[in-house]
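Notes for the one structure printed next.
The values are calculated or read from the model by the stated rules, or taken from the named source; none is laboratory data. Remember, it's a predicted structure, so these values are computed and weren't measured experimentally. All Cβ positions, even for glycine, are placed from backbone atoms using ideal geometry, and neighbour counts span all protein chains on display. With ligands, DNA and RNA removed, areas are computed over all heavy atoms of the protein, side chains included. Shrake-Rupley method; radii C 1.70, N 1.55, O 1.52, S 1.80 Å.
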Amino acid sequence: SVAKGLDWLAKQQQRDGHWDAFGNQYPLSMTALAGMCMLMEGSTLREGKYSDNLVKAVNWFMQRAQPNGMLGNPNNPTEASRYTYGHGFGLLFLGIATLQQGFGDLAGTLTLPQGDGLGVLVTQIALGAGMTVLMQSSSASMTVALTAAQGGLIGLNGAAAVVIGANI
């Protein structure tokens, strides 16, 4: 079951906050992927069953941030192999964790159009299209919409309409 898998994953986290593959390989990628699993369970940096694990993972990543913005150290043998994968997955994990936290804070103060009427649906689709124009990325718009849904800012049907609008 998913719950057992997440519990096993939590037990595999190293004391410093990272996960790795066989032979201590790919710590950047493994930490990002494990962290995203816990985020998708619904835990955030502030609350949830895996909150402590997420905070440790974020802190581990932040300790590896280079002055030029790259995550990890390409001169470290365990991080050098597939370095860009680790950086990319790490950015995705950190971005989702940050968005999720931000939308959780906004949920009580911002009202987005919700409901089942045609006008609401058209507004949500237009919102998705507008976000894509502003961000120049439908993938980013989809991430924002899904994170907003998970944070309680918009319902699942509304998020689906925003995703459709982002891909028009």
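Values computed for the structure shown
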item: Potential extension, ALA65-ASP16 segment - 0.36 nm per residue separation minus Cα distance; result: 16.1 nm
item: In order through the stretch 134-143: 3J(HN,Hα) via Karplus (6.51 cos²θ - 1.76 cosθ + 1.60), integer Hz, x for Gly, Pro; result: 5, 8, 6, 7, 6, 5, 5, 4, 5, 4
item: Nitroxide proxy distance, nm - points 7 Å out along Cα→Cβ at LYS49 and LEU118; result: 4.4
item: Calculated FRET value between THR84 and ASN157, using beta carbons and R₀ = 30 Å, to 0.05; result: 0.25
item: Whole-Hz ³J(HN,Hα) from phi, Karplus 6.51 cos²θ - 1.76 cosθ + 1.60, for the stretch 67-72, glycine and proline x; result: x, 8, x, 6, 8, x
item: Between the stretch 146-167 and the stretch 23-97, the Cα center-to-center distance that results, in Å; result: 25
item: Nearest-0.05 FRET efficiency for THR98 and ASN75, computed from C-beta distance (R0 22 Å); result: 0.20
item: Calculated from backbone phi, Karplus (6.51, -1.76, 1.60) coupling profile of the stretch 55-66 in Hz, x at Gly/Pro; result: 4, 4, 5, 4, 4, 4, 4, 5, 5, 9, 5, 8
item: Structure-based [θ]222 nm, the chain - -39500 (n - 2.57) summed over DSSP H runs of at least 4, per residue, nearest 500; result: -21000 deg cm²/dmol
item: Of all accessible heavy-atom area on the chain, the percent that carbon and sulfur account for (1.4 Å); result: 61
item: Answer label, with Cα extents along the principal axes in Å calculated from the coordinates and candidates [x] 55, 33, 28; [y] 60, 42, 34; [z] 59, 31, 29; result: [x]
item: Distant-in-sequence amide H partners of GLY72 (H built 1.01 Å from N, under 5 Å); result: ARG64, ALA65, GLN66
item: Sequence-separation-based contact order of the chain, relative, with Cα cut under 8 Å and 6+ spacing, percent; result: 19
